[in-house]
Amino acid sequence: MRDEVLSPAAAEAEGRHIAGLLAFVERDAHVSQRALASELGVALGLVNTYIKRCVKKGLIKVQQVPSRRYAYYLTPSGFAEKSRLTAEYLSWSLSFFRQARSQCSALFEEARKRRFGTLALYGGSDLTEIAILCAAEHGIAIVVIVDGSMRKPSLFNIPVVVSLEAAPVRPDGAIVTGIHEAQRWCDLAVADLGASRVLAPAMLSVRTTEARA
């Protein structure tokens, strides 16, 4: 099975998450995967994927402990990788914010041209929060966030729902903001609203169904 080809934004987000995971493991070898998911703000399954990847790369060793639990230890390679990723995170965070803000602003201008007064955001990530902040500057209302894996009922007072059917109001259009599995979020938005009503930042490298046809 081939590894998933990540968009630049997803690759940066994954690097930040793995840097955080290695840092948490360094501080507490007995940290649970559930606690890691909560600290990193990602789904439990994604943490499991990251750990398996780190073990495969020789960054982490896993040891079973009593009560059917596991302890995680950084290898010398893991310490080196944590230091490298932590240093890179500082530049990633600034460049990611600038790029995301610029592209979101361009999308909201396009939304205004299409006369979309209300929008849904598909997928929860750092990009979602940046999009919400940009929306206010452009006079466009974000009315719902579609992402059943988010562990909160709302974000900045915007309701988070499992599917568009559960949204309090139906939006005029949508913006894809899920960094991981961005194409899946795009396809879901297109299925809900139609390709002509779905916009996505270039940094996610996704295509609508119309564009792929």
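The values are calculated or read from the model by the stated rules, or taken from the named source; none is laboratory data. Remember, predicted model here, so these are calculated numbers, not experimental data. Cβ sites come from the backbone with ideal geometry, for glycine too, and all protein chains shown count toward neighbours. When the accessible area is computed, the model is the full protein with side chains, heavy atoms only, and any ligands, DNA or RNA have been set aside. Shrake-Rupley method; radii C 1.70, N 1.55, O 1.52, S 1.80 Å.
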| task | Hey, could you check region 143-154 for residues that are open to solvent by 20 Å² or more (accessible area, probe 1.4 Å) and not hydroxyl-bearing (Ser, Thr, Tyr) and say which is nearest to the chain's Cα centre (by Cα)? | result | MET150
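Taking the stated definitions as given, is SER149 out of contact with any Pro (no Cβ under 8 Å at 6 or more places or on another chain), under 21 Å from ALA195 (Cα atoms) and of a type outside the set (Phe, Trp, Tyr)?
Here the answer is no, as SER149 does not meet what is asked.
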| said: Exactly one of these conditions fails for VAL55: (1) modelled with pLDDT under 90; (2) surrounded by fewer than 16 Cβ atoms within 10 Å (Cβ to Cβ); (3) hydrophobic (A, V, I, L, M, F, W, C). Give me its number. | reply: (1)
| For ILE140, are the conditions met, namely being under 21 Å from the mean Cα position of the chain (by Cα) and either surrounded by 13 or more Cβ atoms within 10 Å (Cβ to Cβ) or small (Gly, Ala, Ser) (or both)? | no
| What is the residue count in region 160-186 for residues that are part of a helix (DSSP H, G or I), over 19 Å from ILE140 (Cβ atoms) and in contact with a helix residue (DSSP H, G or I) (Cβ under 7 Å, 6 or more places away or on another chain)? | 1
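Do we find that ASP172 is within 20 Å of LEU44 (Cα to Cα) and at pLDDT 90 or above in this structure?
On the way: within 20 Å of LEU44 (Cα to Cα): no; at pLDDT 90 or above: yes.
The answer is no for ASP172.
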| remark: If we ask which residues in region 64-88 are open to solvent by 100 Å² or more (accessible area, probe 1.4 Å) and either in a strand (DSSP E or B) or touching a helix residue (DSSP H, G or I) at 6+ places or on another chain (Cβ under 6 Å) (or both), their number turns out to be 3
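Return the total of residues in region 157-213 being aromatic (Phe, Trp, Tyr) and either surrounded by fewer than 17 Cβ atoms within 10 Å (Cβ to Cβ) or touching a Cys at 6+ places or on another chain (Cβ under 8 Å) (or both). If you could, list the steps in order and put the result at the bottom.
First pass over region 157-213, keeping only residues aromatic (Phe, Trp, Tyr): 185.
With the extra rule that they be either surrounded by fewer than 17 Cβ atoms within 10 Å (Cβ to Cβ) or touching a Cys at 6+ places or on another chain (Cβ under 8 Å) (or both), the set shrinks to none.
Summing the residues that are aromatic (Phe, Trp, Tyr) and either surrounded by fewer than 17 Cβ atoms within 10 Å (Cβ to Cβ) or touching a Cys at 6+ places or on another chain (Cβ under 8 Å) (or both) in region 157-213 gives 0.
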